[in-house]
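What follows is a set of notes on a single structure, which appears directly below.
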Amino acid sequence: MSDAETTDALTDDPRPDGLRSAPSLVLVNTGNGKGKSSAAFGVMMRALAADWPVAVCQFIKSGDWKVGEEKIGRQLGVDWHSFGDGFTWDSDDLEVDKAHAREGWNTAKTVIESGDYKLVLLDELTYLCSWGWIDLDDVVATIRNRPDHVNVVVTGRDAPAEIVELADTVTEMREVKHAYQAGIRAKRGIDY
């Protein structure tokens, strides 16, 4: 950053007055940029450090994929559920994918409603909602009516307005530049 592009350090406290605690939060990571799931897994690590019971329900990605976040999550005691057969453009049968989506949502709903977890991460859930593969009203009602102590993180592009409205925090990832667009693939075990 050149001298012409510098900014002044904050001198006024930017935090709003009257901050309060909440029994739980709903976070949404959406947008076309990369990093939605990676940010959610950062929240997972914080929850684990606080000794929270954590469950991950991962949609779209195949349970056959060997990804680092699942490996370390399982080692640290995360209950991990994977549904789906991978990217839709690789699918041999979208009806099978839709069935996996419904099965996955039913499991995720049970996980949320059980109250056994302080954090439930719903990775790539937005796709199932925006494609109409699962009932958006059911998703919203389940998250809204969750046990008071259950925090939820939802990831995926094109988060439906109903989920955005329900959320306490929504972050939109915006791609500025990405190695993949320049033809550079991810390193084995690291998705950038």
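The values are calculated or read from the model by the stated rules, or taken from the named source; none is laboratory data. Note that the structure is a prediction, hence the values are computed from the model and not measured. Note that each Cβ is placed from the backbone with ideal geometry, even for glycine, and that neighbours are counted across all protein chains shown. Note: accessible area is taken over every heavy atom of the protein model, side chains too, but ligands, DNA and RNA are not part of it. Shrake-Rupley method; radii C 1.70, N 1.55, O 1.52, S 1.80 Å.
Values as computed for the structure displayed
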{"item": "Modelled FRET efficiency - R0 30 Å, Ala9 with Ile72, Cβ distances, 0.05 increments", "result": "0.25"}
{"item": "Residue among Gly77, Gly42, Gly18 with the largest mean-square fluctuation in a Gaussian network model of the chain, springs linking Cα atoms under 10 Å", "result": "Gly18"}
{"item": "Rounded to the nearest 20 debye, dipole of the stretch 120-180 from Cβ charges on Lys, Arg, Asp, Glu", "result": "240"}
{"item": "Fluctuation leader among Leu122, Leu19, Leu27 - the chain, Gaussian network, Cα springs under 10 angstrom", "result": "Leu19"}
{"item": "5 angstrom amide H check on Val153, placed H, neighbours 5+ away", "result": "Leu27, Val120, Leu121, Leu122"}
{"item": "Charge dipole magnitude, Cβ of K and R +1, D and E -1 - the chain, Cα centre, debye nearest 20", "result": "580"}
{"item": "Ranked packing of 136-143, 5-12, 101-108, most packed first, by mean Cβ within 10 Å", "result": "101-108, 136-143, 5-12"}
{"item": "Simple label model, 7 Å out from Cα along Cβ direction - Ala39 to Ser114, nm", "result": "2.8"}
{"item": "Computed label-point distance, nm, for sites Trp131 and Glu172 using a 7 Å Cα→Cβ extension", "result": "2.3"}
{"item": "Computed FRET value (nearest 0.05) for Ala186 with Asp158, which takes r as the C-beta separation and R₀ as 22 Å", "result": "0.45"}
{"item": "Mean residue ellipticity (222 nm) of the chain, computed from DSSP H runs ≥ 4 via -39,500 (n - 2.57), nearest 500", "result": "-10000 deg cm²/dmol"}
{"item": "Scattering curve values for the chain, log₁₀ I(q)/I(0), Debye with Cα scatterers, q = 0.13, 0.15 Å⁻¹", "result": "-0.75, -0.96"}
{"item": "Simple Cβ-charge dipole of the stretch 69-169, Lys/Arg +1 and Asp/Glu -1, about Cα centre, in debye nearest 20", "result": "400"}
{"item": "Most mobile listed residue (Asp97, Asp51, Asp13) in the chain, GNM with C-alpha springs under 10 Å", "result": "Asp13"}
{"item": "Per residue value of the accessible surface for the stretch 114-192 (all protein chains in place, 1.4 Å probe), Å²", "result": "59"}
{"item": "Whole-Å semi-axes of the ellipsoid equivalent to the stretch 8-81 (Cα gyration tensor, √5λ, descending)", "result": "30, 17, 12"}
{"item": "Charge dipole (the chain, unit charges on Cβ, about Cα centre) - positive-most of Gly183, Ile163, Ile72", "result": "Ile72"}
